[in-house]
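Q: This is the structure, below, for whatever I ask next.
The values are calculated or read from the model by the stated rules, or taken from the named source; none is laboratory data. Computed from a predicted structure; not experimentally measured. As a convention, Cβ positions derive from the backbone with ideal geometry for all residues, glycine included, and neighbour counts pool all protein chains shown.
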Amino acid sequence: MSAVVDPGLERTIAAETRLSDVQGQEGKLFLAGYPAEEIAPYATFEEMLHLLWFDRLPDRAELETFSKNLARRRELPDATIELMRSAASRQIQPMDALRMGLSSLDSSDRSVDEQALSVVAKTATIVATYHRLLNAQEPVPPNQEPGHVSALLMMLEGKTPTAERVRALETYLNTVSDHGLNASTFAGRVIIATHSDLISAVTGAVGALKGPLHGGAPGPALDMVFDIETADRAEPYLREKLDHGERLMGFGHRVYKVRDPRADILGEATRRLYRSGEGDEDLYNLAVEVEAVALRLLDEYKPGRNLQTNVEYYTALLLHCLGFPVSLFTPTFAVGRVGGWIAHCREQLETGRLIRPGATYTGQDDRTWIPLDQR
Ligand code: ACO
């Protein structure tokens, strides 16, 4: 079989998936067959997990059992909490702490189903526990009563969240739960394809997500809106960036050449959250004006490039409106995406082969060994 070198694998189809269909030219995203905008703002995170893992929405009884099984796995082993304390005392950054926390979990003698529930439940607990420890606060022990997203907010903030806050975060987590064969998902599939375990696969995926080319843009997008301060400063500020050849954060996408559909879902969720009295509505209004100016200028400076708003722009606003600091942005992304990572791992185990692409050798082939004392 003849093969071509494809370094970023953009022209390579490495898997078949029923999980998400990313239609970059049309600006559409389907999650297990549902248009993302028709499911993400309405489903609970548990419903989304059930859909991704078992390919159908649960009925009421199934949802209750599934939610209980998830909730009772929230508690972290003592050793993991101690590790988090030690990491916080050294001010380790949150994505490193998440990687360390996940890799401290024990994968022995448990089924894939049990590991899947445990990893999703504990990812949220690790993120919240570490966030509090890093901010010199004692962790809030997980409560088994509420849903996953309420529990996450309670563990972060130590109080019962409003329904609006839960809905906004749930919409975000659902929206980012899966997105084709992105880098972290692929990393997870490569690991599980060796018939390793889910904890190892998710730990590897977290490592991939940590990279700034994958999970790290919402912070800079928010900084840009903060720097602009007032709508009248948007045009001179953005022109200066573009004149210096800089990129506007939160705009453009490798796959979407029209508006990223996730930007609309999160934009609407953010608008609803601000209107409910959360956060600073002036900031939201400023961000909308900045976005309009940015799109106009991108069209002027980069005609024909079709640079549109991407998911990161409204992610930044939504998480900021929830009161999350920038250091929590990428870990929170992981709390949502872990559902998709596991869904892909399950799919890989059911249908996949060991992933082992070839490489074209470009080194020398005419060398002879020279003993150390003759070099
Ligand atoms: N601002 C200004 N110009 C841009 C931007 C931008 N945000 N994005 C692309 N361009 C320009 C490039 O400079 C290039 O111009 P040129 O052809 O005149 O040199 C042209 O558009 C095409 O750029 P590419 O790099 O080929 O586009 P690519 O598809 O590889 O880039 C990327 C996608 C990396 C997301 C890019 O748009 C970017 O850097 N955006 C800003 C960072 C950002 O928001 N990242 C989050 C993406 S969403 C996610 O990862 C979940």
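Q: Just checking, does region 147-157 include any residue being among the small types (Gly, Ala, Ser) and either more than 21 Å from Ala116 (Cβ to Cβ) or within 18 Å of the chain's Cα centre (by Cα) (or both)?
A: Looking through region 147-157, none of the residues is among the small types (Gly, Ala, Ser) and either more than 21 Å from Ala116 (Cβ to Cβ) or within 18 Å of the chain's Cα centre (by Cα) (or both).
So that you can scan it fast, the table gives a plain yes or no per residue for (1) within 11 Å of the ligand (Cβ to nearest atom); (2) without any contact (Cβ under 8 Å) to a residue 12 or more places away in the chain; (3) farther than 30 Å from Arg356 by Cα; (4) not assigned by TED's automatic domain parsing to the domain that holds Arg110:
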| site | (1), (2), (3), (4) |
| --- | --- |
| Leu169 | no, no, yes, yes |
| Ser184 | yes, no, no, no |
| Val190 | no, no, no, no |
| Gly204 | no, no, no, no |
| Leu222 | no, no, yes, yes |
| Asp227 | no, yes, yes, yes |
| Arg259 | no, no, yes, yes |
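Q: On to the next question. Please tell me if Arg296 is modelled with pLDDT of 95 or more, among the basic types (Lys, Arg), away from the ligand (no atom under 14 Å from the Cβ) and under 30 Å from Ala168 (Cβ atoms).
A: Taking the combined requirement at face value, the residue does not satisfy it.
Q: Taking the criterion of being crowded, with 22+ Cβ neighbours inside 10 Å, within 27 Å of Arg110 (Cβ to Cβ) and either at pLDDT 95 or above or small (Gly, Ala, Ser) (or both), would at least one residue in region 161-172 satisfy it?
A: Checked region 161-172: no residue is crowded, with 22+ Cβ neighbours inside 10 Å, within 27 Å of Arg110 (Cβ to Cβ) and either at pLDDT 95 or above or small (Gly, Ala, Ser) (or both).
Q: Return a yes/no flag: does region 279-292 have any residue that is acidic (Asp, Glu), away from the ligand (no atom under 16 Å from the Cβ) and within 25 Å of the chain's Cα centre (by Cα). Even if it seems obvious, please write down each step before you answer.
A: If we filter region 279-292 for residues that are acidic (Asp, Glu), which is where we start, we get 280-282, 289, 291.
Next, from what is left, pick out any that are away from the ligand (no atom under 16 Å from the Cβ): 280-282, 289.
Restricting the remaining residues to those that are within 25 Å of the chain's Cα centre (by Cα) gives 280.
The answer is yes, given that some residue of region 279-292 is acidic (Asp, Glu), away from the ligand (no atom under 16 Å from the Cβ) and within 25 Å of the chain's Cα centre (by Cα).
Q: Still on this structure, please answer the following. Identify, please: which residue in region 230-256 is free of Cβ contacts under 8 Å to residues at least 24 places away in the same chain and away from the ligand (no atom under 12 Å from the Cβ) and is, among those, surrounded by the most Cβ atoms within 10 Å (Cβ to Cβ)?
A: Looking at the filtered set, the residue picked out is Tyr237.
Q: Please specify each residue of region 147-159 satisfying the condition of being more than 12 Å from Phe45 (Cα to Cα) and either of a type in the set (Asp, Glu) or in contact (Cβ under 8 Å) with a residue 12 or more places away in the chain (or both). Step through it out loud before you land on a result.
A: Looking only at region 147-159, we keep the residues that are more than 12 Å from Phe45 (Cα to Cα), and these are 153-159.
Listed by number, the residues that qualify are Leu153, Met154, Met155, Leu156, Glu157, Gly158.
Q: Does region 300-311 hold any residues that are touching a Leu at 6+ places or on another chain (Cβ under 9 Å) and either at pLDDT 95 or above or near the ligand (Cβ under 6 Å from one of its atoms) (or both), and which are they?
A: Glu300, Tyr301, Lys302, Arg305, Leu307, Val311
Q: For region 184-274, list the helices (runs of 4 or more DSSP H) that sit wholly inside it and hold at least 1 residues that are within 17 Å of the chain's Cα centre (by Cα) and at negative phi; which are they? Spell out the reasoning first.
A: Details: elements: 198-209, 218-228, 234-243.
Answer list for region 184-274: 198-209, 218-228.
Q: Quick one: how many residues across region 57-89 are buried (at least 21 other Cβ atoms within 10 Å of the Cβ) and outside any helix (DSSP H, G or I)?
A: 2
Q: Kindly evaluate Arg259 against the criterion of being more than 13 Å from Tyr172 (Cβ to Cβ), surrounded by fewer than 18 Cβ atoms within 10 Å (Cβ to Cβ) and touching a strand residue (DSSP E or B) at 6+ places or on another chain (Cβ under 8 Å).
A: yes
Q: State which residue is nearest to Tyr130 (Cα to Cα) when the search covers only region 94-114 and only residues that are surrounded by fewer than 18 Cβ atoms within 10 Å (Cβ to Cβ) and at pLDDT 95 or above. Walk me through how you get there before you give the answer.
A: Applying the first criterion (surrounded by fewer than 18 Cβ atoms within 10 Å (Cβ to Cβ)) to region 94-114 yields 96, 103, 106-114.
With at pLDDT 95 or above added as a condition, the list becomes 96, 103.
Details: Asp96: 11, Ser103: 15 Å.
Once the filter is applied, the top-ranked residue is Asp96.
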